[in-house]
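The values are calculated or read from the model by the stated rules, or taken from the named source; none is laboratory data. Every value quoted in this text rests on a predicted model; they were computed, and no experiment measured them. All Cβ positions, even for glycine, are placed from backbone atoms using ideal geometry, and neighbour counts span all protein chains on display.
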Amino acid sequence: MDKKIISENRSNSPKVILEFEPMQMSPTPGKVLKTRNSDSVLKKDAVKIPEVLEQIFKYIGVRQLKICRFVCLDWNTEACRALQKVSHVYLHEDSARTNDFQELVSRGNSLGMASPFRRYFLSVDLFRDEILKDVIYKDNSFIVELYMNQSPSTNNSDFQMNLQEILTKSSATLKYLRLALKDGRGSNKSNCVDFIIEIINSSPNLSQLCSSCTDSRVLEKILLKSDLSHVENIYAESVSGQHVRLLSEIGIPNLKSLILQSEVDDLNEDQLVPSYVLQNMVRSFAGTLEELNICWISSTVDSDFPCCPKLKTLHLDGWDGSLGIFDPFRLPALESLFLTNHEEEEDSFFNPHDGVQKLTIECTRGIGIGPEGLYDDEEFDYLLLYSSKQFPKIRYLDLTTSVTDETIRSIIRIFPTLETLILDTTSHLSSHVFTGRNRFALEKFLAEGSNLREIDIMPSLRDLKCLKKLVLGRYLGSTYPDGFCLTNHMIQYGIAEMTSLEELQFNWNPELAIQVFCDNLRHLKKITVNNSYEKEYQVQIRELYATIPQVVLESNPL
């Protein structure tokens, strides 16, 4: 048989050539399977050889592997083996979905079918769900992520015994540990923390540790007694100055991502962290950090901020200082900057950094931009203008705050080469920021059948000639924002005329006409409807989904 198999998928990706040693076979004449591509001819017996399928399935994504399971029993067996390596199943205690999953597994076993399920993300409270235990006690299963979201109570003494038995089997595979323990009392709480430390110390491949414990002493004890030399990502809430000092002293040689959060509006004296303490902590991990997200706790970063040669993402929260401190010499790899409640002082200095292409600005005080917000239009315009000079190559702008028409005009003027614009807003923007035309004048000209070219054109989103993705509302924390209502005119005379646009994300409303989408937005590569789960819109949205193949329906986030 041929030594090479050429595989080409439906996309424009390059052909994959798979090589293997020739095998002694006696192919049956006439049994040849031809694909749609004339240059891809595979002998029928060859595509059933496990070694061949294993090589082919290395280059196929999860969705395609699931489809491959329907071809034949041989393909199902090998596709399941491949899925066991790359996919996972979320299991939650006392969840109806866990019951459904158990029935699905049992049905497959009764038919003698191979199973794609092996890796589990497990969320437990008291670990009393017998169905959950049955699923993950199986010999071929192991836990990749463990989420403990409650301190086990004294009346459930077998909690740790049950969980420890499972973790003994999964200690080599556990990669993610998430803790959201509620306050406990006495020895039970202490035993629980000791058990967590035992899990950490016995899991050599644990790479991510997340702590959302309300009692700061839990995190302190974990930091003091755990071996974190293998951990790459740490996320912690309710962080105090003592935690920051501990992080400066302990060794975490492989730390790549550090995210520390604190309630800024509710700090007592011992939680305030001086700048030098924060910077000493960053200096401890400067050689390995790729992501840094710290609530700066009323501190100012000065010229002593350490050089972090690998840092790609920086999130400044509650921080006072000039962005000019983050120059290309101090942070040469920086690509993405996230600012929360940041106010840049006038006449700040510049150290232009061409590497930063993504800028996110979030406001959690007031309503964002406006009389009751953190910024007025002039202040926000200055922040955008300063950012564009400090980071002149910004192509991605994400505003997680309420915006105004004036904000949009500032964006158009300051960032004319934007490729992605994300607006998470509850404001009602005027139609002219999309169409460039006064709404009343547009409606009048349309009613009279006049030439639209005679209407005076104002600055609008149509002027962003490089814009490829426009997001109008997105999932945030626990829900989607209400967003503003798109109109048919905004689509027909605004978004449809954004010549470079490829993706649109928005909230559906009952005033929108499906035919307007079909006539004007079929050329887009992706259209995402945020609120497709809302019952009142499902008939229209399903029709839109059936009419335009590139429509994506977001599931209920709650």
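Of note:
- Across segment 382-400, the number of residues qualifying as at pLDDT 95 or above and among the aromatic types (Phe, Trp, Tyr) comes to 2.
- Among the residues making up segment 524-555, those that are in contact with a Cys (Cβ under 9 Å, 6 or more places away or on another chain) and not in a loop (DSSP other than H, G, I, E, B) are LEU544, THR547.
- Condition check for GLU443: at pLDDT 75 or above and not β-branched (Val, Ile, Thr): yes
- Looking only at segment 151-183, and only at residues there that are buried (at least 16 other Cβ atoms within 10 Å of the Cβ) and within 15 Å of VAL218 (Cβ to Cβ), the one that is modelled with the lowest pLDDT: PRO152
- Number of residues in segment 110-131 that are at pLDDT 80 or above, surrounded by fewer than 13 Cβ atoms within 10 Å (Cβ to Cβ) and outside any loop (DSSP other than H, G, I, E, B): the value is 1.
- Residue that is surrounded by the fewest Cβ atoms within 10 Å (Cβ to Cβ), among those in segment 38-61 that are basic (Lys, Arg) and modelled with pLDDT under 80: LYS44
- Answer from ILE252, ILE234 - the residue that is outside any loop (DSSP other than H, G, I, E, B), closer than 19 Å to LEU278 by Cβ and at pLDDT 90 or above: ILE234
- Taking the criterion of being out of contact with any Gly (no Cβ under 9 Å at 6 or more places or on another chain) and among the polar types (S, T, N, Q), the residues of segment 225-250 that qualify are SER226, ASN233, SER238, SER240, GLN242, SER248.
- Qualifying residue in segment 62-69 (condition: closer than 30 Å to ARG178 by Cβ, crowded, with 17+ Cβ neighbours inside 10 Å and modelled with pLDDT of 85 or more): yes
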